[in-house]
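Have a look at the structure below, then the notes.
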Amino acid sequence: MKEIEEALILLRERKQRQAPNFDFLQKVDDEKAAMKKIEDRSWEIKKQLAERVKHQLRRIPVLHYYLDETLDHVFRMEELFKQINAEKKQDDNKE
């Protein structure tokens with residue numbers, strides 16, 4: 001029974017390490033400065049990536065960074081839905 005408990009603990013720990021964590025996603029005020037900082041540290045990022053996958057790849061590919069505006073679209077859509085819901089509530093209250 002103890003062996004099963006230990007195996008379950010190990011599986012949980014492995015799963016937690018592999019689960020992606022997106023807590024770092026947030027809106028930055030100065031997007032150009034953020035991209036410049038990433039580009040300036042791209043060699044360091046590539047080095048860390050190489051350390052993590054060194055036995056899985058022969059060569060580390062060239063990394064390209066771009067500004068992903070998905071979050072901007074998400075925030076805009078949320079605002080639109082809030083407006084629609086507020087207008088619906090006003091219309092329902094009038095009737």
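The values are calculated or read from the model by the stated rules, or taken from the named source; none is laboratory data. None of the values given here were measured: they were computed from a predicted structure. Here the Cβ is made from the backbone with ideal geometry for all residues, glycine too, and neighbour counts use every protein chain on show.
Residues that are without any contact (Cβ under 8 Å) to a residue 12 or more places away in the chain and either within 19 Å of Val28 (Cβ to Cβ) or touching a strand residue (DSSP E or B) at 6+ places or on another chain (Cβ under 8 Å) (or both) within region 73-95 comprise His73, Val74, Arg76, Glu78, Glu79, listed in sequence order. Within region 53-72, the set of residues being within 23 Å of Lys36 (Cβ to Cβ) and not aliphatic (A, V, I, L, M) comprises Pro61, His64, Tyr65, Tyr66, Asp68, Glu69, Thr70, Asp72. Counting only residues that are surrounded by 10 or more Cβ atoms within 10 Å (Cβ to Cβ) and modelled with pLDDT of 75 or more, region 7-32 holds 1 of them. Scanning region 40-72 for residues that are surrounded by fewer than 10 Cβ atoms within 10 Å (Cβ to Cβ), closer than 21 Å to Val28 by Cα and either in contact with a Leu (Cβ under 8 Å, 6 or more places away or on another chain) or of a type in the set (Asp, Glu) (or both) returns Asp40, Asp68.
I want to confirm something. Restricting to region 37-79 and keeping residues that are among the hydroxyl-bearing types (Ser, Thr, Tyr) and modelled with pLDDT under 85, which single residue is nearest to the chain's Cα centre (by Cα)? Per the stated criteria, the residue is Thr70. Does Ile45 qualify as being β-branched (Val, Ile, Thr) and assigned to a loop (DSSP other than H, G, I, E, B)? Answer is no for this residue.
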